[in-house]
Amino acid sequence: MSRALEQPSSDYLLSHSPTETDRLVLQARLYDPITEQVLRQAGIRPGMRVLDVGCGAGDVSFLAAGIVGPTGAVTGVDAAADVLEVARSRAAARRRSRPGALGSLRFERMTLPDITLEEPVDAVIGRLVLGHLPDPVAALRLLSGLVRPGGLILFQDFDNFPLRVEPPTPLAGAVLEAIAEALTVGGTSLGAGARLYSVFHRAGLPPVGLSATTPMGGVEDATVLPLVVQTYRALSRMALPGNSGAEERERTIGDVDTLLHRVREELTEEPATVIMPTAVTAWCRTPDPAGGAPTR
């Protein structure tokens, strides 16, 4: 997640600490295949110039760079200098192991409304950005001005309402409930992904494509459970409203340092599926006075 189009703020729910950066990398492992598929489906192609807003540790920028290839260019922008250093370090490591793999990829510190480009890009993309902005409609309108006529605008965000375990289990269920409550208390829109279609329309940019994919996994999954526990660890520092239900839930969850082991034990004894947030993606084409109607 990122408040990357604004100045960094101390009230950002999940800060850009080393622990949070590690969580973002783990999150990317789960969601990157979904994001790459929709980038290709929406029309990211070799040779395109792409702006990734709220790039964070660089995962979506890396995906885009892999698609546009050496004839294209990707610029990732974020407001947080520390996480940009992580992105640059990761890019350097990838270039050492696979020379030429990332083509023209760079990371810059920029914030709205001060994102400036030498020329319009072919596409503006972003993951987990609009749902964390106070006025996503205004942000989308501003960003559309950075895209050439007929270019692509694509954003992906989470619909957190599917977050649950089926069939219900006490410990995993308590952890997922705590995550959802902490996000709500922190001001995160649990349904940001489901509202992307509306945000695009209100910005005067009717979507030409909309997709949704929900990852899930059981005890054997190497990513889902560690990501759930890491997210809970990051959010557990928040002061939740004092009520008997929340207090009882915290007692059920117990020590966070042993939580992953205990959740795995529970789901081994009571096989169940952890259903993660749905990745919702909307995309559109900017108006092209010289062309016809927008296409996919």
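Taking helices (runs of 4 or more DSSP H) that fall entirely within segment 193-287, which contain at least 1 residues that are without any contact (Cβ under 8 Å) to a residue 12 or more places away in the chain?
On the way: elements: 196-202, 224-235, 244-253, 259-269.
Where helices (runs of 4 or more DSSP H) fall fully within segment 193-287 and carry at least 1 residues being without any contact (Cβ under 8 Å) to a residue 12 or more places away in the chain, they are 196-202, 244-253, 259-269.
Restricting to segment 135-152, what's the tally of residues that are in a loop (DSSP other than H, G, I, E, B) and free of Cβ contacts under 8 Å to residues at least 40 places away in the same chain? Quick ask: steps written out before the conclusion?
Quick first cut of segment 135-152, residues in a loop (DSSP other than H, G, I, E, B) only: 135, 145-146.
Right, trim to free of Cβ contacts under 8 Å to residues at least 40 places away in the same chain and you get 135, 145.
Qualifying residue count, segment 135-152: 2.
Return yes or no: is residue 27 at pLDDT 55 or above and surrounded by fewer than 17 Cβ atoms within 10 Å (Cβ to Cβ)?
no
Sort through 73, 92, 81 and tell me the only one that's hydrophobic (A, V, I, L, M, F, W, C) and within 24 Å of residue 37 (Cβ to Cβ).
Just one listed residue meets the conditions, 73.
For residues that are in contact with a helix residue (DSSP H, G or I) (Cβ under 9 Å, 6 or more places away or on another chain) and in a helix (DSSP H, G or I), scanning just segment 42-62, find the one that is surrounded by the fewest Cβ atoms within 10 Å (Cβ to Cβ).
From segment 42-62, those in contact with a helix residue (DSSP H, G or I) (Cβ under 9 Å, 6 or more places away or on another chain) are 44-62; that's our starting set.
Going one step further and asking which of them are in a helix (DSSP H, G or I), we end up with 59-62.
Values: 59: 22, 60: 29, 61: 27, 62: 24.
That would be 59.
Which residue is farthest from residue 286 (Cα to Cα), if the candidates are limited to segment 136-190 and must be acidic (Asp, Glu) and surrounded by fewer than 21 Cβ atoms within 10 Å (Cβ to Cβ)?
Start the filter on segment 136-190 by keeping residues that are acidic (Asp, Glu), which leaves 157, 159, 166, 177, 181.
Then drop every residue that is not surrounded by fewer than 21 Cβ atoms within 10 Å (Cβ to Cβ), which leaves 166, 177, 181.
Values: 166: 41, 177: 39, 181: 37 Å.
Among those residues, the one meeting the criterion is 166.
Can you go through 191, 173 and tell me which one is closer than 28 Å to residue 124 by Cα and of a type outside the set (A, V, I, L, M)?
Numbers: 173 fails: closer than 28 Å to residue 124 by Cα.
The match here is 191.
The values are calculated or read from the model by the stated rules, or taken from the named source; none is laboratory data. It should be emphasised that the depicted structure is a prediction, and the values quoted were computed from it without experimental measurement. Cβ coordinates were reconstructed from backbone atoms using ideal geometry, including for glycine residues, and neighbour counts include every protein chain displayed.
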